[in-house]
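A.B. asks: This is the structure, below, for whatever I ask next.
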Amino acid sequence: MLEGAPASARGLTRRNLFTSGASAGAGAAAGSSGLPAPDPTVYLVNRLTFGQQAADLARAARLGWDGFIAEQLEPEQIDDSALDAALGAFPTLSMRPSRLLAMDKKTVSEALAQATILRAIYSQRQLLELMVDFWTNHFNVFGHEKLDFWLKTVDDREVIRAHALGNFGDLLRASAASPAMLSYLDNASNTKRGPNENYAREMMELHTLGLNGGQTQQDVEEVARCFTGWTIQTTGPERGTFRYNPDTHDDSAHVFLGQGIPAGRGMGQGLQVLAICAGHPATAAHVAGKLCVRFVSDNPSPALVAAAAATFSATGGDIRQVMRTILGSADFAAAADLKLRRPFEAAVAAVRALDAQLGDGGLASLAGALRLMGQLPFNWQPPNGYPDSNAAWANTNGMLSRWNLGLALGANALAGVSADFTVAPGASAAQLADQFAARLLARPLLAADRGQLIAWVAAGRPPQAPLPAAQVRAKLPGLIALILDSPYFQWR
Amino acid sequence: MRPFDRRSFLKALGALSLPAWFPRLAFSTAPDGPGSAQRDLLVCVFQRGAADGLNTIVPVGDSAYYANRPTIGIAEPAGGGSGGGTNPAIDLDGFFALHPALAPLKPFYDGKALAAVHATGSPDPTHSHFQAMDYMERGTPGSQTISTGWINRHLQAAAAAGDGNVSPFRAVGFGTLLQASLRGPVPATALQSIADFHLRGNAGAVQTFQASLASLYADTTWLDAQGVETFNAISALAAANPLAYLPRNGAQYPDTDFGLALRQVAQLSRAGLGLEIACLDVGGWDTHHAEGGATGQLATLLGDLAAGLAAFATDMGGQMQHVVVVTMSEFGRRVLENASGGTDHGHGNSMLVLGGGVNGGKVYGTWPGLAPDQLSSPGDLQVTTDFRTVLAEIVDRRLLNSNLAAVFPGFQAPAYLGIVQPAG
């Protein structure tokens, strides 16, 4: 048992899993996986990473429940030099906008997607990567149109990654002035001659206040005017960077949510709007609620959301503190099998669990698989980001595409992705099933399910009988796929 | 207000090439005896992002249109007052005209198989994409208490009325995520590619594998149910073997996601899998910036839409007698263009209805006008026809489901517009 685990985690059994699911308001759609609960260490690691690996489990066991959370919330203290070295293969990640814009757009956008997959698999700062994924979707920018083939790379570096566990107000301001966002939501062409409402509306509805934050159409128009003149430098060495153009800014007085925005403040008008939004209680509730949905369940308890929102407000939007509240809660500890892995999480978790090696073209193969599964990074066109609910992703196409990924990985058939499936000679079907279930799932199986895995490998031979090498070779790919494709693997 | 449910113009049909299946000529529509009516296949196309209905079915007869759209307005058809511009709109009835990129649909309009509805949309005034899409797909504007989609409720009601169709392909949503209109207790299949809809691997081994995998999804939880639906769909599709498919009548689908999806609708429909509902999405309509006029961003989107629908109708041929296609979008766009050469979120919009049972060749609805005092806040085309009025008529007359209280709870449909004939 994991030292320091909250009572609710320590007490997890299949039986009270049902109870906890119901009390978390998970509803009829999900929440009762019917599976034996994972060990708390395994659960914690699966929830704070892109999927367990033996090394993570050992470290979490050593650090304890609170210690592992604390470690992952301080990513700057975690050595990630091996990943940094591997990222050297993607020089575009550190380029300034004008240099990026001189490059082929496909090269730039593919590098960012592949680097994102690489980081998710190999970073030691796993929770940071989860937060980056969260904010990438919260401040969604479609990376396959207009200037954003190039500029999303800058947004990823200077907005999302720079503030993923920082202060929400800083993150919001960085996003508002990010050329990628200015292009995506058209604020780059928002001028006093005829305001463009796109950014103003989505910033309030999606980024801050939420749908019911009290803003009206009049507020949308006023906010749009406050952001007139926030645009992108189009020429010279600073091409592709933020530019405030006072000539196109409507510097008259405005009113937003009943508060006066004085005339003559120039760019300060937009900054005042952002400050009002960042500090608004509706924003605290909206952002806290989304974080709870990401890390706990599709229907988090109002008490947990309120607690997280209270932390958000009390700390002035300190994201790390909000995460401490959520991850320290009893609800979080009792949320096993309440969230499905989305395609990106399922694919990355499989590669991590298999400890697969990526060779030439491996990241491209994974990106191709993710495109088919519907979750290639930066490829969601509307501004609301990839959905994060079980119901959105569990459909026939989604099930089939993840099953096929499992089949491909089990057969080592994905170009450039290879796992070592060497087994001891003379192993029995039962030994092989147990060995790979432990490696890939690290959680107990129902006896009937274990029996199915053994039966697949044994193919009529006695479960405990040593198997001929040819049979092991024939049956191992399917065993790996059955485990990766099983219900057990689909839960975060 | 100027009613426009009458056509002031009739084009001479002779000048246009009619589709091979031109319904009124090729098929008798004499009603059969009781019980023999056949329910239409419904193809529901959702234009995600709020399509600009004012530049789709263009009100060239409303002078305020041109005043509001100095750079992105579509020129009047030749012969109109200020007409004769390059690449003009295509006249429909003297007041409305088609965007020129919709030219492939004009023969269907002339052949009475295509109708449009204008100034239609949701009674709820939201300008949020996501809320408006939710409301439209649930069919419950203004209400967040019902989580099922309107199409799923139609399927439930039809099942309750003794419909025996339990095929996994009864309702299909194209794409990686299932459309919200299809969500609910009746299973619906999400599908990207018919050709790829199977477990990959060596055929014999995959069959054994599928059996073993199915045994891991044999419990009764929610996730098990998702698995079972998927196995059912895989098996049904394999049994029908619809792979060898060639479009008929010279139909040429555009090489786009939309074209591919429509081609697969035809394919599934022909495969005898009991397809009743197909939902398709087309994205990219949120044209705040550089929308373009007769050419440009919107024109490209409309061109894809028209080419796809024309190919589908051509391919389906005589079967279009039992198909109804309806297009919708969460709301329309602001009447006045913005300084970015685009349009912001609006309200009223246009819809298209295509099929053999359509009373086509007509633009339906009540035109509220585009003068300042005729607009809804903050400068939008009013909604004079609830989108549910259009859908209810289709559900009732073409899908043969009169339980509209179940499909659109709380909605009292006014008199139908008469867009479709009762299914014969």
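Please treat every number below as a calculation from the coordinates, not as lab data. Quantities reported herein were computed from a predicted structural model and do not represent experimental measurements. Counting neighbours? That spans all protein chains shown, and the Cβs are built from the backbone with ideal geometry, glycine included.
A.B. asks: Output wanted: per-residue J couplings in Hz (rounded whole) for segment B:382-389, from phi through Karplus 6.51 cos²θ - 1.76 cosθ + 1.60, θ = phi - 60°, x for Gly and Pro.
C.D. replies: 5, 9, 10, 10, 4, 4, 6, 5
A.B. asks: Okay, next question. What fraction of the DSSP beta bridges in the protein assembly as shown is antiparallel, stated in percent and rounded to the nearest 5?
C.D. replies: Taking every DSSP beta bridge within the protein assembly as shown, about 55 percent pair in antiparallel fashion.
A.B. asks: Would you please classify the overall shape of the protein assembly as shown from the alpha carbon gyration tensor, given that a ≥ b ≥ c denote the square roots of the eigenvalues, rounded means a/c under 1.5, and beyond that prolate means a/b larger than b/c while oblate covers the rest?
C.D. replies: oblate
A.B. asks: Please arrange B:T145, A:T311 by counting, for each residue, the other beta carbons lying within 10 Å of its beta carbon, fewest first.
C.D. replies: Listed from fewest to most nearby Cβ atoms, that is B:T145, A:T311.
A.B. asks: Per-residue Cβ counts within 10 Å, from other chains only, averaged over B:230-242: what number is that?
C.D. replies: Rounded to a whole number, the mean comes out at 2.
A.B. asks: If Lys and Arg each add +1 and Asp and Glu each add -1, what is the summed charge of the other residues whose beta carbon sits under 12 Å from the beta carbon of A:D219?
C.D. replies: Net of charged neighbours comes to -2.
A.B. asks: Next question. Just how many pairs of Lys in chain A have C-alpha atoms closer than 23 Å, counting pairs that are eight or more places apart or on different chains?
C.D. replies: 7
A.B. asks: Within 10 Å of each Cβ in B:282-291, how many Cβ atoms from other chains are there, averaged over the peptide?
C.D. replies: The per-residue average across the peptide is 4.
A.B. asks: Given an 8 Å cut-off on Cα distances and at least 6 residues of separation, report the relative contact order of chain B as a percent.
C.D. replies: RCO, chain B: 31 percent.
A.B. asks: Let me ask another. Could you tell me which of rounded, prolate or oblate describes segment B:199-241, using a ≥ b ≥ c as the square roots of the eigenvalues of the alpha-carbon gyration tensor, with rounded for a/c under 1.5 and, failing that, prolate when a/b is larger than b/c and oblate otherwise?
C.D. replies: oblate
A.B. asks: While we're looking at this one, here's another question. Averaged over its residues, how many other protein chain Cβ atoms are within 10 Å of peptide A:186-195's Cβ atoms?
C.D. replies: The mean count of partner-chain Cβ atoms within 10 Å per residue comes to 5.
A.B. asks: How do A:I319, B:I74 rank when sorted from fewest to most other Cβ atoms within 10 Å of their own Cβ?
C.D. replies: By the 10 Å Cβ count, ascending, the order reads A:I319, B:I74.
A.B. asks: As an exercise, identify the GluC sites (Glu not before Pro) in segment A:118-166 lying in DSSP coil whose Cβ has no more than 16 other Cβ atoms within 10 Å.
C.D. replies: A:E145
A.B. asks: Let me ask something else. When the Karplus curve 6.51 cos²θ - 1.76 cosθ + 1.60 is applied with θ = phi - 60°, which whole-Hz ³J(HN,Hα) does each residue of segment B:288-296 get, with x for Gly and Pro?
C.D. replies: Along segment B:288-296, the couplings run 6, 9, 6, 5, x, x, 5, 10, x Hz.
A.B. asks: For chain B, what is the mean residue ellipticity at 222 nm derived from helices alone (per DSSP H run of n ≥ 4: -39500 (n - 2.57); sum divided by total residues; nearest 500 deg cm²/dmol)?
C.D. replies: Value at 222 nm, helices only, nearest 500: -8500 deg cm²/dmol.
A.B. asks: Starting from the Cα of B:Y416, step 7 Å along the direction of its Cβ; do the same at A:Q218; then give the gap between the two resulting points in nm.
C.D. replies: So the label points at B:Y416 and A:Q218 sit 4.4 nm apart.
A.B. asks: For segment A:272-415, what class follows from the C-alpha gyration tensor (a ≥ b ≥ c being the square roots of its eigenvalues): rounded when a/c is under 1.5, otherwise prolate if a/b is larger than b/c, else oblate?
C.D. replies: Since a/c reaches 1.5 and a/b is larger than b/c, the shape of segment A:272-415 is classed as prolate.
A.B. asks: Once you charge only the Cβ atoms, +1 for Lys and Arg and -1 for Asp and Glu, what is the size of the charge dipole of chain A about its Cα centre, to the nearest 20 debye?
C.D. replies: 940 debye
A.B. asks: To continue, here is another question. Would you calculate, for chain A, the mean residue ellipticity at 222 nm contributed by helices, counting each DSSP H stretch of 4 or more residues as -39,500 (n - 2.57) and dividing by all residues, to the nearest 500?
C.D. replies: Mean residue ellipticity at 222 nm (helix-derived): -15500 deg cm²/dmol.
A.B. asks: Using a cut-off of 22 Å between alpha-carbon atoms, which lysines can reach B:K362, once sequence neighbours fewer than 8 places away in the same chain are excluded?
C.D. replies: Hits, sequence-local ones excluded: B:K11, B:K106, B:K112.
A.B. asks: From Cα pairs below 8 angstrom and at least 6 apart in sequence, can you work out the relative contact order of chain A, rounded to a whole percent?
C.D. replies: Computed over chain A, the figure is 18 percent.
A.B. asks: Can I ask one more? If one computes the Cα centroid of segment B:162-235 and of segment A:216-250, what distance in Å separates the two points?
C.D. replies: 48 Å
A.B. asks: So what are the ³J(HN,Hα) numbers for segment A:199-216, from phi and the Karplus equation (6.51, -1.76, 1.60; θ = phi - 60°), rounded to whole Hz, Gly and Pro as x?
C.D. replies: Values, residue by residue: 5, 4, 5, 6, 4, 6, 6, 9, 8, 10, 5, x, 5, 10, x, x, 6, 10 Hz.
A.B. asks: List the residues whose amide H sits under 5 Å from the amide H of B:V383, counting only those 5 or more places along or on another chain, with H placed 1.01 Å from N in the peptide plane.
C.D. replies: Answer set, sorted by chain and number: B:G348.
A.B. asks: Ok, one more. For segment B:76-152 and segment A:33-70, what is the centre-to-centre distance using only Cα atoms, to the nearest Å?
C.D. replies: 52 Å
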